[in-house]
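Chemist: I am attaching a structure below and will ask some questions about it afterwards.
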Amino acid sequence: MTDPFAALPGAVFDGAALSHLGSPAREQRELAAGRAIAPLASRAVITVTGPDRLSWLDSITSQALTALTAGESTELLVLDPQGHVEHAAAVVDDGERTWLIVDRTRAGDLAAWLTRMRFRLRVEVEDAAETYRVVGGTGSAVSALPSVAVWHDPWPGVTAGGWGYAATDPHPGVDRDWAEAIVGVAEYARIAAGGDERSTAPAVAGELAAEALRVAAWRPRASREADGRALPHEADWLRTSVHLDKGCYRGQETVAKVHNLGHPPRRLVFLHLDGSDAVLPEPGAEVLLDDEPVGASWSS
């Protein structure tokens, strides 16, 4: 299916995602100022329904969700038995349904795993990637969209039961105001056409602009920073995704051990390239300091 935003002048796509519309830097400024929205084709939606949904998700993920109230936004991680990050999901519940926003490349695997973990509990999992779309932007810009749910990113706040590892104060993401609206495919098409029932439709920004704002705020993303052996502590994910005082879940022993020791084996750091070279490093490229390897590039 052709993305309706492909009809916009100057639209450049990277696979299924709208990368930019000819001016990524300007789009980034407009997005940060709340004058633009970004269609996020790289994101997908999973829904969980049933009376046991919150207590069930609480029992198998890193976040305390049993007492999550309608409209409250949070984030969860699915860890492997050794505590490595397998999946990350934005979470918002509307009182009847729990909405999970995930990286599209991992949505099918997460939906399949959740389905296998239902056992006899009263929950139903649906991969809704083809039914709903995700649009990002500032809280004020996104809240005006005709959505079924809006997730407000808690980053970089330290949520209940969480812990912050950033050594910088104030945190670079302290002014981050980011939200993601879940809209039906018909509404998504109307937004692309500028007919979303508002008198003044916002400009449109590509995912390059959204990614630039994310990286500037030191905000981790599973498809970029979870490389198969990443621990939550290494990307400061304990801020928003882990409750250190909740009940047992897969990978909890590693989370508690590393936190109590206080020494994650690796750390995700911000590398600012000055622009003197137009060639960006590929993800996974070795980073050198005085000819000595000090890490690898995870995002570019």
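Chemist: Report P(r) for the range 210-300: all Cα-Cα distances, bin width 5 Å, range 0 to the bin holding the largest distance, values in whole percent.
Modeler: 3, 11, 21, 23, 17, 12, 8, 4, 2, 1
Chemist: Once fully extended, how much extra length lies between Thr2 and Asp169, figured as 0.36 nm per residue of separation less the alpha-carbon to alpha-carbon distance?
Modeler: Full extension of this stretch gives 55.7 nm more.
Chemist: Could you work out the mean projected area of the convex hull around the alpha carbons of the range 82-179, in square nanometres to one decimal?
Modeler: Result: a mean projected hull area of 8.8 nm².
Chemist: Also: State, to one decimal in nm², a quarter of the convex hull surface area for the C-alpha atoms of the range 1-120, i.e. the direction-averaged projected area.
Modeler: 9.7 nm²
Chemist: While we're on this one: Quick one: Debye curve from the C-alpha atoms of the range 110-149, no solvent, what's log10 I(q)/I(0) at q = 0.16, 0.19, 0.25 Å⁻¹?
Modeler: Debye curve over Cα of the range 110-149, log10 I(q)/I(0) at q = 0.16, 0.19, 0.25 Å⁻¹: -0.61, -0.71, -0.84.
Chemist: How large is the helix-only mean residue ellipticity at 222 nm for the chain, computed as the sum of -39500 (n - 2.57) over DSSP H runs with n ≥ 4, divided by its residue count, in deg cm²/dmol to the nearest 500? Intermediate results must be reported in sequence, preceding the final value.
Modeler: On the way: 8 runs with 67 residues, N = 300.
Only helices count here, giving -6000 deg cm²/dmol.
Chemist: I've got another one for you. For q = 0.19 Å⁻¹, what log10 I(q)/I(0) does the range 165-273 give under the Debye formula with an equal point scatterer on each alpha carbon and no solvent?
Modeler: These q points yield log10 I(q)/I(0) values of -1.07.
Chemist: To continue, here is another question. How are the C-alpha pair distances of the chain spread across 10 Å bins, as whole percents from the shortest bin up?
Modeler: For the chain, the binned pair fractions read 6, 27, 35, 24, 7, 1 percent.
Chemist: Follow-up. How big is the Kirkwood radius of the range 221-270, worked out from every pair of different alpha carbons and given in Å to one decimal?
Modeler: Values: mean 1/r = 0.0866 Å⁻¹.
Here the Kirkwood hydrodynamic radius works out to 11.5 Å.
Chemist: Once each part is reduced to its C-alpha centroid, what is the distance from the range 1-74 to the range 224-245 in angstrom?
Modeler: Using only Cα atoms to place each centre, the spacing works out to 20 Å.
Chemist: Could you list which residues have their amide H under 5 Å from that of Gly295, counting only those 5 or more apart in sequence or on another chain, with H placed in the peptide plane?
Modeler: Amide H to amide H, under 5 Å and 5 or more residues apart or across chains, Gly295 pairs with Val287.
Each value in this text was obtained by applying a stated rule to the coordinates, not by laboratory testing. Values in this document were obtained by computation on a predicted structure and should not be read as measured data.
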